Amino acid sequence: MHVRINDFVAVMAGNEAGKTGKIIKVLTDKKRVIIKGINLIYKHTKPSQKNPQGGRIRKEASVAISNVLPVCQDKNCKKYNKGVRTRKKILENGVKLRMCVYCSSEITADE
């Protein structure tokens, strides 16, 4: 997968195209991601002990993983704060890094 939890990503296609946000959850089996504040839907709930009033709850729906790209945070990159393609680099000790295709800076997940 080219994105991980806590990655800052840009949505490239669909109704939410052009928006950016942080990944909350990655659904690997469905190849989808949930991004904070993106693709909000209303979920209608019945009254329960947890929510005695019931009603409409606004929550994030998933987005196809193919429609998001990680954002490059390097200020010297020509695609600064835009979605970029990534390439993988394997170091001598076996550690895999994700690199920006345009500026070769490392893309890290913010904790």
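The values are calculated or read from the model by the stated rules, or taken from the named source; none is laboratory data. Keep in mind that this is a model prediction, so the values were computed, not measured. Note: ideal-geometry Cβ built from the backbone for every residue, glycine included; neighbour counts use all protein chains shown. For accessibility, only protein heavy atoms count, side chains too; no ligands or nucleic acids. Shrake-Rupley method; radii C 1.70, N 1.55, O 1.52, S 1.80 Å.
Quick notes on this structure:
- Total residues in the stretch 63-84, condition surrounded by fewer than 13 Cβ atoms within 10 Å (Cβ to Cβ) and more than 17 Å from LYS19 (Cβ to Cβ): 3
- Residue within the stretch 45-56 that is under 25 Å from ALA13 (Cα atoms) and open to solvent by 60 Å² or more (accessible area, probe 1.4 Å) present: no
- Of the strands (runs of 3 or more DSSP E) lying entirely inside the chain, none contains at least 3 residues that are at pLDDT 95 or above and of a type in the set (Ser, Thr, Tyr).
Yes/no matrix, rows are residues, columns are (1) touching a residue at least 40 places away in the same chain (Cβ under 8 Å); (2) farther than 19 Å from ALA13 by Cβ:
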| site | (1), (2) |
| --- | --- |
| ASP29 | no, yes |
| ARG32 | no, no |
| ASN39 | no, no |
| LYS82 | yes, no |
| LYS88 | no, yes |
| CYS103 | no, yes |
| ILE107 | yes, yes |
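- Verdict on ARG32 being under 12 Å from VAL3 (Cα atoms) and open to solvent by less than 40 Å² (accessible area, probe 1.4 Å): no
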